[in-house]
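Structure first, then comments.
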Amino acid sequence: MTKKITPADNSANMKNANKGTSGTNRQYSQAQGNRGKQLNPNQKGK
């Protein structure tokens, strides 16, 4: 039952950790996971 996400919503969601709530923000989680991968020196391309 998820609603369609607009680019503006996605931009805001990637910065919003939803602190103080029991739910998680899927875009935030995905952005942070990708950030970790990009910063990990073991994951760099050849």
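Just to be sure before I move on: is Asn13 in contact with a helix residue (DSSP H, G or I) (Cβ under 9 Å, 6 or more places away or on another chain) and part of a loop (DSSP other than H, G, I, E, B) in the structure I sent?
no
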Selection count where residues are assigned to a loop (DSSP other than H, G, I, E, B) and either polar (S, T, N, Q) or in contact (Cβ under 8 Å) with a residue 40 or more places away in the chain (or both), scope the stretch 16-37: 6
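Laboratory data are not the source of any read-out in this text; all were calculated from the coordinates shown. Everything numeric here is computed off the predicted structure, so don't read it as measured data. Reconstructed Cβ throughout: ideal geometry from the backbone, glycine too, with neighbour counts over all protein chains shown.
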